[in-house]
Structures are given as structure tokens and as C-alpha cells.
Amino acid sequence: MTTVDLTTTYLEARERDWSAFSASSDPLPDYWAWWEEHSAGWKVPIQFLQPIGAEFTDDLGGLATLLEAMSDLEELEVPPIEWVHTTYVDVGFLRPTDVLWSQVESFYVNAAPRIRRVEPFALRIAGLSASEDGQIYLGVDDGGSYRELRRQIRLGVPFVSQKMKDDPLITADGDAFVPRLPIAFTTGRGDRARLVEFLEAHRQIDLGEFKPPHMKLARLPIQPHDHYGAIDVVAEIPLLGAAHREGYHN
């Protein structure tokens, strides 16, 4: 799929999400109530992610303005900008039946040589939409680089490879992953129509291009009393592309 085709695919996915969210007459979902159930009682997630807010805080003036406006709405809960991130591989939760803390270092060791093969890339962050579960998010146009990162991590980390066998995004036609950047979450309170009207005015937001410095493996200390604790980066891996063949890389 070409970069142009992929950009269109991402746009179509955002439009489908928005049409479903804006046309619904159901009460707004409570995102964090959904998360409590999804996370088996607030277990800590391990993810390969991009902490956009922390990496580019000084360059995200447009996002800061939008987050401030959103924070006045009872319909939304808004994280601090430093917490805002996009996840491209959700490894699992720290619990005995899933991820053990002792395994996490091996994920980095196995993934790093594969991640370093990926060419450095730029992201364009633009377009606002909303998911069925209550995430208000921005589109992330990466030219397919996160799909390639997912492929490399799947090849390098047996745990992820096994888990992705049950991932509905991995099909015979390839990976259907669409990156997105959640920036707010519905509370289950307020009025959907009022929220839709507010968000509609920001649907064409365009924050511009950003070049991620590293790929990161991290744990998100999300707890019921503090959904937005600092992201704990376990490892940083540079993108070297063809240069990964040159010399030793720790």
C-alpha cells in the first residue's frame, strides 16, 4: 500500500469512528469504568509507545490550547499534555497470567535489534475523531512506519508474536493497525450532542509534523486514583535504518 493510500485509509477510519460516535443517541460511555474491566482491575500495562506529549511539549501549542478548552467540559476528562502518547504494541498487563516483570527486559533485548532496522520517520498529527469506548483522539499519519515496527517486534519478540496470533488487526492481507493519539476520555456524564458540537469545531486540527527521536518500551502506572501518572520508560531504542549494520549498538 502506498503512502497516499495509507493516508486515505487512516482518514476513512477516523471518519467511520466519527460518524458512529456523532450519530449515536446512547449516553456517553465512562471510559475509565470500561478500562477498569478491561485491565483486570487496574493492572499496569506494558506497551511499545510514543510519548508525543513529553517529547514535543514545547511544539504542541495547538494541542495545549485544545486540551485547556476540553478541560472545562463535564463530558471529558483531560490528561496533562506530558501523558499524551500513542501506543503501537500493547504487550499486556503485569499480572501472573500475562506479563511478568522479569520478562520485560527480554522484550527490550529481543526487540531492539529489529527496531533499529526501521528507517527514521516523521509523523503528521492531524484530524480529530472519537472511538466507541470514549477516546477522543487525533490522527497520526506515519506512512506505515508503525506497522513496520509492529512487524519487526513481532519477529523479534516471541511473546508478542504469540499474542498477535489473536490480534484481529493481523489478517491474511497484512496488518490493519491505524495509529491514533488519544487526548481526552469521556466521563459518562453530560450531553453527547453538546460534546459533538464542541468537537466538530476542532475536527480539522493540524498540529504539523514531528520526528520521533526514539522508540520506547514503557509501563503506564494507571491507577484508579491517578489515571495519568508519569510514564515509566523502560527502554529507548533509536531508529537507524540501513545504518544498523554499522558497528555495535547497545
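The values are calculated or read from the model by the stated rules, or taken from the named source; none is laboratory data. All figures in this text were calculated on a predicted structure; none of them were measured in a lab. Cβ: placed from backbone, ideal geometry, glycine included. Neighbour counts: every protein chain shown.
What to note about this one:
- The criterion of at least 1 residues that are free of Cβ contacts under 8 Å to residues at least 40 places away in the same chain and among the aliphatic types (A, V, I, L, M) is met by none of the strands (runs of 3 or more DSSP E) falling completely within region 170-250.
- Conditions (1) under 16 Å from Val118 (Cα atoms); (2) modelled with pLDDT under 95; number of the one not met by Gly174: (1)
- Tally of residues being assigned to a helix (DSSP H, G or I) and farther than 12 Å from Ala112 by Cα across region 139-149: 4
- Of the helices (runs of 4 or more DSSP H) contained entirely in region 1-101, those carrying at least 3 residues that are free of Cβ contacts under 8 Å to residues at least 40 places away in the same chain fall at 3-23, 61-70.
- When each of Gly127, Gly190, Gly208 is tested for being at positive phi and either surrounded by 20 or more Cβ atoms within 10 Å (Cβ to Cβ) or among the hydrophobic types (A, V, I, L, M, F, W, C) (or both), the lone residue that passes is Gly127.
- Here the condition is being touching a strand residue (DSSP E or B) at 6+ places or on another chain (Cβ under 9 Å) and at pLDDT below 95; of His227, His202, it holds for His227 alone.
- Residues in region 64-105 that are over 21 Å from the mean Cα position of the chain (by Cα) and either under 16 Å from Leu128 (Cβ atoms) or among the hydrophobic types (A, V, I, L, M, F, W, C) (or both): Ala69, Leu73, Glu75, Leu100, Trp101.
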